[in-house]
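Report on the structure given below.
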Amino acid sequence: MSETSQPTESRTFPPPEALAARANVGPGVYEEAAADRLAFWAQQAGRLSWDRQWDEVLDWSNPPFAKWFVGGKLNVAYNCVDRHVEAGHGEQVAYHWEGEPGDTRTITYAQLKDEVSRAANALTELGVQAGDRVAIYLPMIPEAVISMLACARIGAVHMVVFGGFSADALASRLDDAGAVLVITADGGYRRGAPSALKPAVDDAVGRSPGVRNVLVVKRTGEDVEWTEGRDLWWDDVVGRQSPDHTCEFFDAEHPLYIMYTSGTTAKPKGILHTSGGYLTQVSFTHWASFDLKPDEDVFWTAADVGWVTGHSYIVYGPLSNRATSVMYEGTPETPHRGRWWEIVQKYGVTILYTAPTVIRTFMKWGEDVPAGFDLSTLRVLGSVGEPINPEAWLWYHQNIGGGRCPIVDTWWQTETGGHMINPLPGVTTLVPGSAQVPFPGISAKVVDDEGNELADDSTGLLVLTEPWPSMLRTIWGDDARYVDTYWSRFGTNVYFAGDGAKKDADGNIWLLGRVDDVMNVSGHRISTTEVESSLVGHPSVAEAAVVGASDPTTGQGIVAFVILRESGVDSGDELVQTLRNHVARDIGPIAKPRQIMVVQELPKTRSGKIMRRLLRDIAENRELGDVTTLTDSSVMNLIKEKLPAAP
Ligand code: WTA
């Protein structure tokens, strides 16, 4: 569990009066939702445009398989784009896009409608049908959003793979999802240089016989390998299509997308989200959690569309609410450390949503950097991805928010689809470091190992006790794993989130990090098993154990302990570098271990289970915990003697 989330700050922050006076939702929202939860969600679904009204709000007759807005029909892309144009807002900017090299594109809702229609026509021409899976492996460019919406428009299921993932990771996802098309680019810009994407696609698609075509956006203009008959340029195929497309309406439970996330085994889970309930919850949470005013705000989620945060709060939430958003391609330090603040100043950003790991990086760079820019347009700040430690909260509040902007710390997961536990900016008195209270219409509890609700001020496990509209519907192709992973520990009515939590005497929930073998590195979920299986896949490695050790910047850092196959082989720096690169190639640079320690033995229990807790003690340079269950307690001394001091 993370050490960073313990309360060290006793000040609380009431909502700013002016904001509260005209906030989208007031304090009454909690009573309203509590009085009739399903009626409350039905009312929020009414914010969308439906082709056919639902017959039943929730069918929970076969838990944990939920159906929301049963019998309703809608088109998600129509809700995100067309209806705003039809209502006379075609000239409103949907995205201020900023490329890393400084090139920009401004896309209005009318233009977005034309582009999405063209792309939808192109997908149909390529034989993509409703229900087919389309992989999207793109940098942060507008075509990523256009591709997602084009899929939604024709009922195809998109599967966005973060551009930082390797060819192997892409190949296993293409295979698991059974994708028929990959949409990619020659590359994107990262840290001031083009970063190629097409080679990984060529490698992965070569192993995926189901993929018929690769649609390639030209972004960097660098040379790419080309497979005639399979590869097609986006500009050729999409460019010649008509900007008119009449959309079809799909069932509320029609699949919208698959997003892979790490679980406790080496095989990532394809989290499946569907249409009506998902859009209802991301739309309403985006509007309520950030107090989004479509005619006034400039909203910026500084994340990648390759993660769920990008899906829900760069694409579906903001567009369904007719927001004007900023979308930025690159890294925060390119070409200088003030790039984000320059963007806030340039577009007059009013709401900024980012992750604690980035805030801690900005803290390291110093407050002089943001102080050089005009950030006075900001009015609400958001945080997501891991617990935000009070120091980072206060720094963000003071140095970015000028002491006047509420910080909305949002706890949720790929699986939950949208916000689940967070304060509301015009209602809640903020407690730095706590995500505070369940969102209206959501039921969360802290329980003990047996599932009994705990008294205030004790630590236990976080569970969700009622189904919610944007919940995952299953794990793609694996209903049994869905039931087993989330709904078996406390019965089929209780969702086990995998997070430790504490409820304080005032009823605020404090998230304490994962309780399973999932690490959280810079807000990215990485499984210890996935990294271990990559390491043992290297010919020099006999055995590996991986732990997440707390890290002042990234939340957790990956620390690996490896036993080599032959004791004689070189175990020096060079091998360690080779192994780190091997993991980066296998899974992606985000999974590269911070530290690899070559050891003779690993601490194991008598039943042969590796004692990760002890390895974590070493990785975090702590006194060793209880070693009495070890087969041989001298193993730990041996490991310690061999090691350089951990950083
Ligand atoms: C963690 C990202 C504390 C948590 C949206 C969860 C958080 C996992 C918070 C999901 C937060 C996310 N406070 N912990 N505000 N937000 N987490 O699927 O451990 O990438 O289970 O979804 O991140 O990560 P995921």
Of the options Thr429, Thr106, Pro406, report the single residue whose Cα projects farthest towards the positive end of the charge dipole of the range 17-501 (beta-carbon charges: Lys, Arg +1; Asp, Glu -1). Thr106
For the chain, which whole percent of the accessible surface, found with a 1.4 angstrom probe, sits on carbon and sulfur atoms? 48 percent
Ignoring everything except DSSP H segments at least 4 long, calculate the 222 nm mean residue ellipticity for the chain; use -39,500 (n - 2.57) per segment, divide by total residues, nearest 500. -7500 deg cm²/dmol
Residues meeting the amide H criterion for Met597 (H placed from the backbone, H to H distance under 5 Å, 5 or more places apart or on another chain) are Ala560, Phe561, Val562
Given unit charges at Cβ for Lys, Arg (+) and Asp, Glu (-), the dipole magnitude of the chain about its Cα centre in debye, nearest 20, is 180 debye
For the range 469-612, what is the charge dipole size about the Cα centre, in debye to the nearest 20, if Lys and Arg each add +1 at the Cβ and Asp and Glu each add -1 at the Cβ? 300 debye
Contour excess over end-to-end distance, with Cα ends at Glu86 and Ser376 and 0.36 nm allotted per residue: 101.0 nm
Would you kindly give the portion of the calculated P(r) for the range 1-99 that falls above 23 Å, as a percent of all Cα pairs? 60 percent
How much length is gained if the chain between Asp223 and Arg191 is pulled fully straight, taking 0.36 nm per residue apart and subtracting their Cα-Cα distance, in nm to one decimal? 9.6 nm
For the range 392-495, what does the convex hull of the Cα positions come to per residue, in cubic angstrom? 125 Å³
Rounded to the nearest 0.05, FRET efficiency between Asp59 and Thr246 (Cβ-Cβ, R0 35 Å) equals 0.70
Of all beta bridges DSSP finds with both residues in the chain, what is the antiparallel percent, to the nearest 5? 60 percent
In nanometres, what is the gap between the two model label sites at Ala455 and Ile563, each 7 Å from Cα along Cα-to-Cβ? 4.6 nm
Most positive-pole-ward Cα, Ala167, Ala185, Gly155, against dipole of the range 147-232 from beta carbon charges: Gly155
With N denoting the number of residues in the chain, provide Rg(C-alpha) divided by 2.2 N^0.38 Å, to two decimal places. 0.94
Give me the one-decimal Kirkwood hydrodynamic radius in Å for the range 267-356, with the sum taken over alpha-carbon pairs. 14.0 Å
Suppose every Lys and Arg Cβ carries +1 and every Asp and Glu Cβ carries -1, with no other charges. What dipole size does the range 383-511 come out with about its Cα centre, to the nearest 20 debye? 420 debye
Rolling a 1.4 Å sphere over the protein heavy atoms, what is the accessible area per residue of the chain, to the nearest Å²? 36 Å²
Residues whose built amide H sits under 5 Å from the amide H of Phe373, excluding neighbours closer than 5 in sequence, are none
Please find the FRET efficiency linking Arg585 to Ala480, where r is the Cβ-Cβ separation and R0 is fixed at 30 Å, and quote it to the nearest 0.05. 0.40
Give the residue from Thr12, Gly417, Met636 lying farthest towards the positive end of the charge dipole for the chain; charges sit on Cβ (+1 for Lys and Arg, -1 for Asp and Glu) and the dipole is referred to the Cα centre. Met636
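The values are calculated or read from the model by the stated rules, or taken from the named source; none is laboratory data. As the structure is a computational prediction, the values presented were derived from the model and not from experiment. Cβ atoms come from the backbone with ideal geometry, glycine included; neighbour counts cover every protein chain shown. With ligands, DNA and RNA removed, areas are computed over all heavy atoms of the protein, side chains included. Shrake-Rupley method; radii C 1.70, N 1.55, O 1.52, S 1.80 Å.
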